[in-house]
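Taking it in order: structure first as structure tokens, then the write-up.
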Amino acid sequence: MQTDVLIIGSGIAGLAFAIKLATHKPEASITLVTKADQFESNTKYAQGGIAAVMDNVYSSFESHITDTLKAGKGFSNVQTVRMVVEKAPERLQELIAWGTPFDRTADGNWDFGLEGGHSVARILHHKDQTGLALEKALLQQLKRFDNIQFETEIFATELLMHNKRCHGARFLDKQDQAISIRATITYLATGGSGQVFSKTTNPLIATGDGLAMASRAGAKIEHMGFYQFHPTALLTENNPVFLITEALRGFGAHLINHKGARFVMKQHPKGELATRDVISEAIFKELEENAQENVWLDCRHLNKQKLQTHFPNIIAQCKNQGIDVFTEPIPVTPAAHYQCGGIKVNLEGKTSLEGLYANGECASTGLHGANRLASNSLLEAVVFAHEAALSVADELNQPNPFSVFAESKKDFHLNASTPLLKINHLKTSLRHLMYRFYLNKSLELPLVSIGAEIETLFAEIKKLSLYQRPSKPLFELQNMAETAKLIIHDTLYE
Ligand code: FAD
Ligand code: SIN
């Protein structure tokens, strides 16, 4: 199969880019694929919202830039930060025009939310399910374009590389048959990798596939050691764990310890509204010192009616777990949430490989530095979708660099496939080791022995990958191991 542009991933980064490109270049053939159903993505679960300066009275470009740079601890790219913040209002107006129902107050103004690290309330949201509202609006828009072909349950396995240029990708289709899609431009929007850790807010699809594929193809990867943990995930054994939005702390909820005392102020004067790296570390310390499993998020002092209006899904999900947020505090613990680093891209979303773009959580644009400011991720994806669409439209106007080459075929029929039970066992071991690795790093405890255990596990996974018939679960396991390696290497040596 051949297409002008191949987009892998149907979260906000993939969908926004598809819409933008189809608008700019109606004659281009665009193929959009996802490994799951059309909705499943990190985007679908986004709660707090999308940060932007939509009101020059309280917020300003300069304050949004300063907050983003402070959160990033000196590792952000100032040019990227300025571009994203200044282009945000225009992109937000587009999302509104495309039908995203951001909430307004009774007097018709935007109902801005507040989250950690923001000096003012500047977050547009749809109750506590902003991501679902965005996915619905974007998927609806997609239907307007007949030059976009959208395929679900197609799993990308490798980039097709020839003469250092990307020419599309290989996939396993719905029947696990290997297929190739050749493309002039390939755009990775495959999201994050939270599944590498045993506690995560990320859905099962977040296994670092695009990142690992790009890494294997030789693309530059950066800042993978900067993995962000969200301080308040609901304490359950579920995978993923349900997120309790930071907007709830912006709304006035308090973090308390097992004695019922607030404790974050000890670590930072902003208390519950410090950035999430600070709060997660404060919680890890509190748990370690008192040998506890969780802390608590207390909403009992908040206005019941307003709480119900703003956070209906959180209240319902807690109720499902037997927790009445109006009368009892919510047990919470930090969980892996966001991959700040990723495939390095320039201001147009181009990677270091010709013909390959990346956007969204799999990419590293320079916006987040060492720690992402809350609600800057959805924003980054829409701003870069626009920039990349202009650049790709331009590239498609150049002479077509498509070249004829024979693909190296892998024999998928030699060996039996690995039993799913074995793959799941290895996934679980890796996830637990990576969580311990992160915890030890946060508490400044030794990492060497965990490093050795992880190396042994990597060797076992590699052996399977060499001698067993590939399957989607095995590819995911390989990709998770590859991502874990990049995280460990960046943490220890960069
Ligand atoms: P995703 O939305 O994750 O989409 C990835 C897509 O790639 C999916 O369609 C997936 O199926 C597909 N894919 C992956 N691998 C393959 C493969 N091998 N082959 C084919 N397809 C593949 N950010 C904010 O700014 N504000 C928030 O309020 C917010 N809340 C959040 C709440 C939760 C619970 C979570 C988990 C994240 C939250 N984030 C938030 C972060 C934000 O949602 C994500 O960073 C963002 O949605 C990532 O978008 P994306 O398009 O890059 O990736
Ligand atoms: C949240 O709602 O707490 C998540 C916001 C984000 O990840 O930016």
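From least to most packed, judged by other beta carbons within 10 angstrom and beginning with the fewest, 230, 310 follow the order 310, 230. Compute log10 of I(q)/I(0) for the stretch 60-138 with the Debye formula, placing one identical point scatterer on every Cα and leaving out solvent, at q = 0.12, 0.16, 0.21 Å⁻¹, to two decimals. With no solvent term, the Cα-only Debye profile gives -0.40, -0.70, -1.08. Among 432, 223, the order by Cβ neighbours within 10 angstrom, fewest to most, reads 432, 223. Among the trypsin sites (Lys or Arg not before Pro) found in the stretch 184-230, those both in a DSSP coil and sparsely packed, with 14 or fewer other Cβ atoms within 10 Å of their Cβ, are 220. As a rough footprinting exposure proxy, the listed residues 222, 328, 482, 361 were ranked by other beta carbons within 10 Å of their own, and the order from fewest upward is 328, 222, 482, 361.
Taking a ≥ b ≥ c as the square roots of the eigenvalues of the alpha-carbon gyration tensor, the stretch 181-307 is classed prolate because a/c is 1.5 or more and a/b outweighs b/c.
Long hydrophobic helices in the chain, taken as whole DSSP H segments with a C-alpha length of 24 Å or more on their own axis and mean Kyte-Doolittle hydropathy at least -1.0: 78-97, 377-397, 420-442, 448-467, 472-493. Sort the chain into rounded, prolate or oblate with this rule: let a ≥ b ≥ c be the square roots of the eigenvalues of the Cα gyration tensor; rounded if a/c is under 1.5, and if a/c is not under 1.5, prolate when a/b is larger than b/c, oblate otherwise. Oblate is the answer for the chain, as a/c is 1.5 or above yet b/c matches or exceeds a/b. For the stretch 233-281, the Cα gyration tensor yields ellipsoid semi-axes of 20, 13, 11 Å (square root of five times each eigenvalue, largest first, whole Å). Computed from the C-alpha gyration tensor, the three semi-axes of the ellipsoid equivalent to the stretch 245-378 are 34, 19, 13 Å, from longest to shortest.
State the volume of the convex hull built on the alpha-carbon positions of the stretch 149-235, expressed per residue in Å³ and rounded to an integer.
Normalising the Cα hull of the stretch 149-235 by residue number yields 131 Å³.
Each part gets one Cα centre, and for the stretch 170-245 versus the stretch 26-93 those centres are 19 Å apart.
Only the coordinates and a few stated rules stand behind these numbers; no lab work does. Every value quoted in this text rests on a predicted model; they were computed, and no experiment measured them. Reconstructed Cβ throughout: ideal geometry from the backbone, glycine too, with neighbour counts over all protein chains shown.
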